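The values are calculated or read from the model by the stated rules, or taken from the named source; none is laboratory data. Owing to the predicted nature of the structure, the values given are computational and were not obtained by experimental measurement. Ideal geometry is used to build each Cβ from the backbone, glycine not excepted, and the neighbour counts take in all protein chains shown.
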Amino acid sequence: MENLLEARNLSVSFGKHQVIKDVHLNIPKGKLTSIIGPNGAGKTTLFNLLSGQLSPTEGEIYFKEQNITRLSIANRTRLGIGRSFQLINIFPDLTVLENVRLGVQSFAKDYYRLFPKRSEFRQQQKQARYLLEVVLLQEKEGVLAKDLAHGEKRKLELAMLLALNTDLLLLDEPTAGISIEEVPAILQVIENIKKESGKTIVLIEHKMEMILHLSDHLVVLFHGELLAEGIPPEIIKDERVQSAYLGGLYHDTFKGR
């Protein structure tokens, strides 16, 4: 299986406290990988290393076989790595469609022109509308972003990320802060992204039902170390994983499978 991203001997320390400890990580191309672990396991810190928010104390990160360990966030985005955050980043006073179109224009390097060519503008509008369909916001294109419900704002952020045409999507708790009623819609959006775009996705999420439904590959962190990785059914049965994180959830989640 081809890997899109690899981390080798990755470690990061804050003072004397080592948060990530010699992690070897393979992210298979075209698959959805979920990173799970108890609070304090180092999941968000690992995300920060992959996206460029943090630099490792030791180790290297490779994307498409290129060493990106010391590249900035902007340069990683240009190479094809996009990240969503727990806090939503949108333009509140622009419409839903305008938010996504700006992302399309940015990818096309057309953001510096006040008046793009009509044909290009139409194509950008068309692409933006397609992305709104992927994230189930096609009926909201004329609504100001600030007037969306929280879950809808999360969908919009995902559309804006897709507009950058990144190969790797790092999704940091996409259901954070949204109501239980909105979770199925976010689940459907992520499924649509998998199906329609074929993107490689890395997900941090605490909702185990969602993780087990979506994931092709699981990575388990514990105290900053890689405890286990593999396909979900194997990982869930791993006694080390159950002891460290899942407890008795395996039996409830997989009952009847």
Take Ser84 and decide whether it is modelled with pLDDT of 95 or more and under 27 Å from Glu152 (Cβ atoms). no
When only residues in segment 199-224 that are under 13 Å from the mean Cα position of the chain (by Cα) and assigned to a helix (DSSP H, G or I) count, which is modelled with the highest pLDDT? Leu214
How many of the residues in segment 118-146 are acidic (Asp, Glu), part of a helix (DSSP H, G or I) and modelled with pLDDT of 95 or more? 2
Only residues that are among the hydroxyl-bearing types (Ser, Thr, Tyr) and either out of contact with any helix residue (DSSP H, G or I) (no Cβ under 9 Å at 6 or more places or on another chain) or outside any strand (DSSP E or B) (or both): list them for segment 64-102, please. Thr69, Ser72, Thr77
Is there a residue in segment 209-226 that is buried (at least 19 other Cβ atoms within 10 Å of the Cβ), touching a His at 6+ places or on another chain (Cβ under 8 Å) and touching a residue at least 24 places away in the same chain (Cβ under 8 Å)? yes
Taking Glu196, is it at pLDDT below 95 and touching a helix residue (DSSP H, G or I) at 6+ places or on another chain (Cβ under 6 Å)? yes
Tell me which strands (runs of 3 or more DSSP E) are completely within segment 1-63 and hold 1 or more residues being at pLDDT below 95, or say none if there are none. 3-14, 17-28, 32-36
What are the residue pairs meeting all of these: first residue in segment 53-79, first residue farther than 12 Å from Val12 by Cα and surrounded by 15 or more Cβ atoms within 10 Å (Cβ to Cβ), second residue at pLDDT 95 or above and of a type in the set (Asp, Glu), Cβ atoms under 9 Å, and 6 or more apart or on different chains? Ile61/Glu6; Tyr62/Glu6; Phe63/Glu6; Ile68/Glu60; Thr69/Glu60
Among the numbered conditions (1) within 24 Å of Ile211 (Cβ to Cβ); (2) modelled with pLDDT under 90, tell me where Ser106 comes up short. (1)
What's the number of the condition Arg78 fails, among (1) within 18 Å of Leu164 (Cα to Cα); (2) touching a Ser or Thr at 6+ places or on another chain (Cβ under 9 Å); (3) not acidic (Asp, Glu)? (2)
Go over the candidates Leu246, Leu158, Leu169 one by one and state the one that is modelled with pLDDT under 90 and under 28 Å from Ala7 (Cβ atoms). Leu246
Regarding segment 38-47, can at least one residue be identified that is small (Gly, Ala, Ser) and either in contact with a Pro (Cβ under 6 Å, 6 or more places away or on another chain) or crowded, with 17+ Cβ neighbours inside 10 Å (or both)? yes
Does Lys195 meet the test of being without any contact (Cβ under 8 Å) to a residue 60 or more places away in the chain, surrounded by fewer than 19 Cβ atoms within 10 Å (Cβ to Cβ) and closer than 29 Å to Val12 by Cβ? no
